Amino acid sequence: MCIRKENRTFWATFGLLLLFWLLITWRLHWQHLLVGVICSWAVAMINRDLLLQPAERPLLLLTTARKWVQYFCQLLAAIFKANWDVARIVLKPKLEISPSFVRYRTRVGKPFNRLILGNSITLTPGTLTVEIAEDTYVVHAITRAAAEDCAEWEMMNRLAEIEEVERGA
Amino acid sequence: MEILVIIFLLAGMFFFVVGVVGLLRLPDVYCRLHATTKCDTLGAGLILFGLVLFAGISVDSVKLLLIILFIWLTNPTASHIIAHAAYRNNEPTAEGTHTLDKTERGAACD
């Protein structure tokens, strides 16, 4: 079967949904498979207009795959470290907080990458994405230091780097 | 192995306790959200990961890993929506909340 280029996103979504279905049913009986195929196709079809087109999402490239793995490992490390910091703040008898809003611009361009950045900020304790409007983020941080760091977060540069690589490819 | 599982469960519970203490002690909506997001990310993450270790390599552990993945995807989204709603409604903030504006500097960097 020939897959047309513009339909690739559709079939990738279909494949992902089917994989998820197979993982949660964990049976390869033909009836299960049939239901899975029909449902995945229907869901992908209904949401056709909402699927992320290549211009809006990261491309699946071997060159960036390593960077993505690195990104998520680093994010995990950041989550552990920040969790520890917030736990210390909460448990200290005297509350040493200096809540701050910080408003800044980002170099990250693709909508999906901005979503990932926003989610990463919220997942990391101590910072919380309050608003994203175009390239401007409003972030609430529990201490002033966390707010200062957030505006120049290295994870943001990582995402921007990945986009550079994609543009070059 | 069981000792490792217990360590993970206890660590997870520790973060849940910290989350609840934070929820009670911190002054405003935003700060409280910081405490509760922490619960969900590390607390639930560690407890579920302990269960993954307990289940060993099996169907159950795959499903548990999927649950972790979905919690980590949906939790920040939900927290963001709550914060966004509070921000839009000009929810009162704690005393001494600063606002730093770095947009001009960010533009200069580009």
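Where a number appears in this text, it was derived from the coordinates with a stated rule and is not lab data. If you're wondering where the values come from, they're calculated on a predicted model, not measured in any experiment. Here the Cβ positions follow ideal geometry from the backbone for every residue, glycine too, while neighbour counts run over all protein chains shown.
Some observations on this one:
- Only Lys, Arg (+1) and Asp, Glu (-1) charged, at Cβ; segment A:62-168 dipole about Cα centre in debye: 240 debye
- Cβ crowding within 10 Å ranks B:L73, B:L100 as B:L73, B:L100, fewest other Cβ atoms first.
- Potential lengthening of the chain between A:V43 and A:D149 amounts to 34.1 nm, from the contour at 0.36 nm per residue minus the alpha-carbon distance.
- log10 of Debye I(q)/I(0), alpha-carbon scatterers only, for the protein assembly as shown at 0.08, 0.09, 0.14 Å⁻¹: -0.40, -0.51, -1.13
- Across segment A:14-169, the relative contact order, built from alpha-carbon pairs under 8 Å that are at least six residues apart, equals 23 percent.
- Considering only alpha-carbon pairs that sit under 8 angstrom and 6 or more positions apart, the relative contact order computed for segment B:2-93 is 32 percent.
- In terms of its Cα atoms, segment B:2-93 spans 49, 23, 9 Å along the principal axes, sorted from long to short.
- Angle of helix A:8-25 to the longest C-alpha principal axis of chain A, folded into 0 to 90 degrees and rounded to 10: 90°.
- Each of A:T64, B:T77, A:T122 was scored by other Cβ atoms within 10 Å of its Cβ. Arranged with the fewest first, they read B:T77, A:T64, A:T122.
- Exposure proxy order (Cβ contacts within 10 Å, fewest to most) of B:I82, A:I121: B:I82, A:I121
- Estimated [θ] at 222 nm from DSSP helical runs (n ≥ 4, -39500 (n - 2.57)) normalised by residues in chain A, nearest 500: -20000 deg cm²/dmol
- Cα pair distances in segment A:62-168, grouped into 5 Å bins until the bin that holds the longest one, percent each: 2, 12, 22, 23, 17, 11, 6, 3, 1, 0, 0
- For chain A, the longest principal axis of the C-alpha atoms and the axis of helix A:111-123 are separated by about 50°.
- Nearest 10 degrees, 0 to 90: helix B:59-88 Cα axis against chain B principal axis: 10 degrees
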